[in-house]
Structures are given as C-alpha cells and as structure tokens.
C-alpha cells in the first residue's frame, strides 16, 4: 500500500500541496518567517511554554549546563540551523568527555557525556519519520552516550527491555546503591521528551531518597517510536501494565510500593494507568494535560499535532481527530483512588484551571493535593526544582504510609514560593484571582 504524502521533517517542510492535512502544515509553512524572527530573539524559548530563561531553568534542574544551552541558542538564527548547531555542541561535549575518560576522571567524563544528550535530542526534534536515517543515527548517539552515563554513574543503572505485544519497551532503571527491596517510581515522560532527558539522571531525585526509578520510552516516545510502537488512546495503559508486571518481579522492587510520576502528556497516561491498575499506590503529575486534547492539537503550534499524528502511526486528520476525542480523563476520575498530587500552572493553556479543579474534585483519591503555581504556564518552569524535590518527597511519604497533615489540600504558590489557601467557591466559578488573606 502506497504511503500517503505527509510531513517528515518539521524543521524543513517542503511541498505541502499533496499533504491531506494542510490545514496545520500550510499555515505553519507560510508563517515560518515569524518563527525564525522569534527564534533570533528567543532561541529555543520560541517553542517553550514560557520564557526562554524559564525553559533553560528546566534543563539546569535536570543536570545540564546553563552556558551550553545559551551559547548554542545564540548561534541559531533560524529553525533550520537548530540541528546542525545542536550537534556541534554535542560533539564538543563528547570530545571533552573522552579527554577526561582517558585521563581517568570518570566522574567528570560522566557529566560531559550526560550534557551532550539533550543536544542530540534537540537535533532529532524536528524529524517526524521513524525510518529517517538521521533520526536513527541521532537515537544511536543518545544511546551510546547514555551508556557511558550508566557505566560511570554513582549509583546502579541499567538498560531494560520490557516485552510488549511482540516488541519491547525500552527503559532506564536506576536503583538504590544497596539494591535492597525499595519503593519504586515509574517515570512517564511527555510526548516530545524521552527517558534520557525527562529527569535528572545524574542526581536522580527518587534514588537519592531511597527509591528506585524506571524511566521508559512508552508507545510513541523516543526509541519506541523508532521501533514503530505507535500510541493511541489505550496503548499506553497496556504498556503500563506490562511495565508494572516487570517491576513487581524484580527483587529490588517492593511490589506494594509502586508509584508513578507523569510529565506533561504523562499527566494523561500516568493517571490512565493508575485508573486501571490498583498496583499503583501513589501518583504525581506535573504540567497538566488531563482533559480535552483540542487545546494541544488545535490551539497551539502545529508541531504538536503533527508530532502526535506520527506517534500514532501517521493517521489522517479524520482518524486522528476521532482518536484524540477519546483521549481524556473526564468521566474516569473516580477510578483513580490512590493518593495523588498535581503540580499545575495557573494559566496552563492545555488544561484550564477550572478543568483542573473539576478533575481534582472528581478524583476517587481520599488523599489528594492540588498545587497551583501563580502566573505559570504549562511547564511551570520557574519552579522545576521545587517540583522535582517535592514530588519525590510526597511519593516517598505516601508509599511508606506516612499520612499527610491534610487529606484534601489546594494551595496557590506565589513567586516567593509562599503557599496561600484557595477559595474553591471562587475557583470553580472561573475567577483567576482566588487568593485569601491578602492585604
């Protein structure tokens, strides 16, 4: 069967006349000049949910270097240059890593290898074709460099392959230094992040608190996407079950203490797994995408729709819209009964604050907390450090049976990180300013 014309590179869109879903592509192509002008002003922040510096902050919290990111961005003046300049930086860091490796400075080498990985990921970001030779090569570079991180890590790490419907889901399993039975967190990245760059592997917030952490490339993500493991509205649930089946058989895992931390689209996939698998005993989500997917697929940059169409197996517009309509947790909230904490930006345009309150209010969880970050958007980037630490603390306490001071809690976190109570009556009516006790 002949493949229908489609976009295969977001960063180098060619002829769109034969592509059946030009309502997104043609608009983006005709407006490329706007994108490139913003890129000159903002660098990679052009595609961030928030300001450029806030976006860089996330990378720094995840263990990468501020000046690697800023200097690379300064060399890029249009979208087409991003892959070349990102690879240039990655190669420079690799060279430094090999120099330190040869000198026997293995901790330093580990750091340089790790710092190279997000740049290969950035170079691959615009390629929407599982058969693309460059994408395969970039995926191999990420894998090879992360193998060095695993080799020189200060705590045990290993690659795992989890059987799934005739293929396998790849993961990176980080373990406590003693490898004794411990609580374990399944980390689910967002739609355009992957297992290598979604959290800080150099200083894993879960491992340093005595928990194991398995980061996966689920259906439609990272290596799974190169393997053509497509995602739809139910595939991730089946994959999640397979992953948990694997985890509870590991001698290092306490089968009664398995939690999930979901990032961005992982805030949809993670709760979806928890709703159907009672072995999930605690749940944390950051950067909300729980409800209507019309927000992300039809109201934001066309790249999100185009990427997910590829992730789902190159669907047509009609097929994609039908699938996306089913991708919501609305009506399923009561099935989620484990303790649940939510880190949400006040002005997150993928899940509005009224939608988030509805989701929170309808949860079946007896223990639940909603943290609303004032004036923050989807990524809640300014507070990335707090979220990384607090989610790990909260999951550890819940998995170990430590009761919270308050079973149901909603707070507004301001720019000084002070917590303010929330008037739920105002919140449910759609008011943005719902502070209490302000002078």
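The values are calculated or read from the model by the stated rules, or taken from the named source; none is laboratory data. Note that the coordinates shown come from a computational prediction; the quantities given were computed from them, not determined experimentally. For neighbour counting, all protein chains shown are included, and Cβ atoms are generated from backbone atoms with ideal geometry for every residue, glycine included.
When you scan region 409-435, how many residues do you find that are touching a strand residue (DSSP E or B) at 6+ places or on another chain (Cβ under 6 Å) and either surrounded by 15 or more Cβ atoms within 10 Å (Cβ to Cβ) or modelled with pLDDT of 85 or more (or both)? Let's see the steps before the verdict.
As a first pass, look at region 409-435 and keep what is touching a strand residue (DSSP E or B) at 6+ places or on another chain (Cβ under 6 Å): 409-413, 419-420, 422, 434-435.
So of that shortlist, the ones also either surrounded by 15 or more Cβ atoms within 10 Å (Cβ to Cβ) or modelled with pLDDT of 85 or more (or both) come out as 409-413, 419-420, 422, 434.
Of the residues in that region, 9 qualify.
Pairs under 7 Å by beta carbon, first residue in contact (Cβ under 8 Å) with a residue 60 or more places away in the chain in region 343-355, partner surrounded by fewer than 17 Cβ atoms within 10 Å (Cβ to Cβ) and in a helix (DSSP H, G or I), six or more apart or different chains?
354/428
Which pairs do you get when a residue that is in the same structural domain as residue 196 (by TED's automatic domain parsing), found in region 98-111, comes within reach of a residue that is loosely packed, with under 11 Cβ neighbours inside 10 Å and in a loop (DSSP other than H, G, I, E, B), reach meaning Cβ atoms under 9 angstrom, with the pair 6+ apart or on two chains?
none
Across region 176-192, what is the total count of residues that are surrounded by fewer than 24 Cβ atoms within 10 Å (Cβ to Cβ), outside any strand (DSSP E or B) and on the phi < 0 side of the Ramachandran plot?
8
Filter region 366-384 down to the residues that are in a loop (DSSP other than H, G, I, E, B) and without any contact (Cβ under 8 Å) to a residue 60 or more places away in the chain, then identify the one that is nearest to residue 294 (Cα to Cα).
My answer is 375.
Just give me the residues in region 296-310 being within 16 Å of residue 348 (Cβ to Cβ) and out of contact with any helix residue (DSSP H, G or I) (no Cβ under 9 Å at 6 or more places or on another chain), in sequence order.
299, 300 - these are the residues of region 296-310 that are within 16 Å of residue 348 (Cβ to Cβ) and out of contact with any helix residue (DSSP H, G or I) (no Cβ under 9 Å at 6 or more places or on another chain).
Looking at (1) modelled with pLDDT of 95 or more; (2) surrounded by fewer than 21 Cβ atoms within 10 Å (Cβ to Cβ); (3) under 28 Å from residue 9 (Cα atoms), can you tell me which one residue 101 breaks?
The one condition residue 101 does not meet is (3).
Within region 214-224, how many residues are buried (at least 24 other Cβ atoms within 10 Å of the Cβ) and either assigned to a helix (DSSP H, G or I) or more than 15 Å from the chain's Cα centre (by Cα) (or both)?
2
Output the residues belonging to region 282-292 that are surrounded by fewer than 24 Cβ atoms within 10 Å (Cβ to Cβ) and touching a helix residue (DSSP H, G or I) at 6+ places or on another chain (Cβ under 6 Å).
291
Here is a yes/no grid of residues against (1) in a loop (DSSP other than H, G, I, E, B); (2) surrounded by 18 or more Cβ atoms within 10 Å (Cβ to Cβ); (3) at pLDDT below 75:
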{"position": "5", "(1), (2), (3)": "yes, no, no"}
{"position": "24", "(1), (2), (3)": "no, yes, yes"}
{"position": "41", "(1), (2), (3)": "no, no, yes"}
{"position": "44", "(1), (2), (3)": "no, yes, yes"}
{"position": "50", "(1), (2), (3)": "yes, yes, yes"}
{"position": "54", "(1), (2), (3)": "no, yes, yes"}
{"position": "57", "(1), (2), (3)": "no, yes, no"}
{"position": "60", "(1), (2), (3)": "no, no, no"}
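Anything in region 195-213 that is touching a helix residue (DSSP H, G or I) at 6+ places or on another chain (Cβ under 8 Å), modelled with pLDDT of 95 or more and either part of a loop (DSSP other than H, G, I, E, B) or not assigned by TED's automatic domain parsing to the domain that holds residue 289 (or both)? List them, or say none.
195, 196, 199, 200, 201, 202, 205, 206, 210, 211
So, of the residues in region 26-37 that are surrounded by 14 or more Cβ atoms within 10 Å (Cβ to Cβ) and closer than 26 Å to residue 351 by Cα, which turns out to be modelled with the lowest pLDDT?
This residue is 28.
I'm checking my understanding of the structure. Among residues of region 225-262 that are closer than 25 Å to residue 192 by Cα and assigned to a loop (DSSP other than H, G, I, E, B), which one is nearest to the chain's Cα centre (by Cα)?
231
Hey, any hits in region 78-90 for a residue that's touching a helix residue (DSSP H, G or I) at 6+ places or on another chain (Cβ under 6 Å), within 30 Å of residue 36 (Cβ to Cβ) and not in a helix (DSSP H, G or I)?
The answer is yes; a qualifying residue exists.
Evaluate region 126-136: report whether one residue or more is assigned to a loop (DSSP other than H, G, I, E, B), closer than 17 Å to residue 98 by Cα and free of Cβ contacts under 8 Å to residues at least 60 places away in the same chain.
Looking only at region 126-136, we keep the residues that are assigned to a loop (DSSP other than H, G, I, E, B), and these are 126, 128-132.
Cutting the leftovers down to closer than 17 Å to residue 98 by Cα gives us none.
The answer is no; no qualifying residue exists.
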